[in-house]
Amino acid sequence: MKIAVIGTGYVGLVTGACLADLGNEVTCVDVDREKVEALRRGEIPIYEAGLEELVRRNLAENRISFTTDLQEAVRAAEVVFITVGTPSAEGGEADLTFLKEAASQIALAMNGYKVVVNKSTVPVGSTRLVQRIIEEGAAGHPEFDVVSNPEFLREGSAVGDFMRPDRIVIGAEGQRAISMLTELYRPLNAPLVITDPASAEMIKYASNAFLATKVSFINAIANICEAVGADVREVVLGMGYDKRIGFEFLKPGPGFGGSCFPKDCRALVDIAGKAGYHFYLLEGVLEVNREQMELMVEKARRRLGELKGARIAVWGLTFKANTDDLRESPALAICGMLLREGASVAVYDPAGMKGAADLLPGAEFAPDPYAAASGADLLMLLTDWDEFKWLDFRRLKEEMAAPRIIDTRNCLDPLTLRRLGFDYQGVGR
């Protein structure tokens, strides 16, 4: 099929490249001319395993192209994906400015039947909103359908998630649109959930809110484990074998972050409130998450007695490993708290250093993990990059002023480190 993808952010670029790799003719659209030129050269602006190879292969096969001309791309397409950002507004609701602008531009380019696909995470009712904008803006009353097709991509494994999905959700009212998207996704051989647009939109929010709830729940359990002398790893093991619970997202840490969980939880609280329901549970999830970051700073305070004047090394800035995404990263929030309390903070991250420079004024950016730890009174591991597990900890001990480690991701071996003379503390252990 001929596909247009509006927006070359994380979701748009992965969606476009994967659809092209399935044999479709894909045109990706973005307003940033420099970004488009870089993409035409095969230069990928985000850190995502396998994506650069995928884009370059499909550029060479002429299955994917990049442009700033939205209307030309839409006119040539049978299916138009909207993958623009929907950030949080001040009240927590989703900001639909980019979505509305994309719909308005699509309306001007309508020249025959098209399926317009909302792939951005949007509040319930957004499919109808896009439909209304196109109806009001298009000339000649063209035939089209608007479909909700939420994405479920995890940063760091997004290409695999797209190509091997647990399910594909299609929220549509027209049989023609359902048939076209069913055919488009047929090569993936995944279960299809065919439903109405409002239910599809809610599936996305409900899924992310539930996963965020699991994260906050296990963080709360980890804090109790510390207080009563239990080991959260053993607790997770005992819980996870229960098929009703499973092991996924039961990994304690400094809190959840990224572009989805915080934003989507706030948006769902707002959606519920506007519908007359007070979502106390999800508000609690967000509060536990905020408190968890503060508790990591409290751990440092207890170890050092006072943060002012202390030199603290930080390993990891991105919200999770295997991505360069810093959006709502717990690591950045914790670094900010340390700096505000007067600590000297030296940071290192394998992929997030460039983007963090403007976000952490006053922090020192080190060229490697050892340099970050040089002269440190305390090391805080905030993102669980694999490379941190295999460093020379004897050398690390020599570099530090005092051998103290707070491992907020529980990814290091406490027994080994304690044998080497480190004062080690994890989360819930």
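The numbers here are math on the coordinates, done by the rules we state, and not lab data. These figures come from a predicted structure and were not determined experimentally. All Cβ positions, even for glycine, are placed from backbone atoms using ideal geometry, and neighbour counts span all protein chains on display.
The magnitude of the dipole of the chain, with charges of +1 and -1 set on the Cβ of Lys/Arg and Asp/Glu and taken from the Cα centre, is near 760 debye.
Among all helices in the chain defined by DSSP H, which have a length of 18 Å or more along the axis from Cα atoms plus a Kyte-Doolittle mean of at least -1.0? Within the chain the helices that satisfy the rule are 97-109, 197-228, 261-274, 280-304.
Could you tell me the center-to-center distance, by alpha carbons, between segment 234-289 and segment 350-373 in angstrom? Their Cα centres are 29 Å away from one another. Taking label points 7 Å from Cα along the Cα-to-Cβ direction, Met163 and Glu341 give a separation of 4.5 nm. Distance between the C-alpha centres of segment 1-78 and segment 87-142: 20 Å, rounded to the whole angstrom. Here is the result for segment 365-429: no chymotrypsin sites (Phe, Trp or Tyr not before Pro) lie in DSSP coil with at most 15 other C-beta atoms within 10 angstrom of their C-beta.
Once the C-beta distance of Asp423 and Arg40 is scaled by a Förster radius of 56 Å, the resulting FRET efficiency is 0.60 to the nearest 0.05.
Taking amide hydrogens as placed 1.01 Å from N in the peptide plane, the amide H of Val347 sits under 5 Å from those of Val314, Glu364, Phe365, Ala366, each at least 5 positions away in sequence or on another chain.
Among the listed options (1) 1.73; (2) 1.06; (3) 0.99, the one matching Cα Rg over 2.2 N^0.38 Å as calculated from these coordinates is (2). For Val193, the residues whose modelled amide H falls within less than 5 Å of its own, excluding neighbours fewer than 5 places apart on the same chain, are Ile168, Val169, Ile170. Full extension of the segment from Tyr277 to Glu101, taken as 0.36 nm per residue of separation minus the current Cα-Cα distance, would add 60.3 nm.
Spin-label model, Leu108/Thr195: points 7 Å from Cα along the beta carbon direction are separated by 3.6 nm. Were the residues from Phe249 through His141 laid out at 0.36 nm apart, the gain over their Cα-Cα distance would be 34.2 nm.
The order of the peptides 347-358, 310-321 by mean Cβ neighbours within 10 Å, most packed first, is 310-321, 347-358. Placing R0 at 45 angstrom, the Cβ-Cβ distance between Glu53 and Glu90 gives a FRET efficiency of 0.65 after rounding to 0.05. With 0.36 nm allotted per residue and the present C-alpha distance subtracted, the Thr416-Leu188 stretch has 77.6 nm of extension available.
Could you work out the local net charge near Glu25, counting Lys and Arg as +1, Asp and Glu as -1, over the other residues with Cβ closer than 11 Å to its Cβ? It works out to a net charge of 0.
May I ask you to list the trypsin sites (Lys or Arg not before Pro) in segment 228-283 that are in a DSSP loop and have at most 10 other Cβ atoms within 10 Å of their Cβ? Let's see the in-between values first.
Details: sites: Arg233, Lys243, Arg244, Lys263, Arg266, Lys274; in loops: Lys243, Arg244.
Sparse-neighbourhood loop trypsin sites (Lys or Arg not before Pro): Lys243, Arg244.
Considering all different alpha carbon pairs of segment 2-195, the Kirkwood hydrodynamic radius works out to 16.7 Å.
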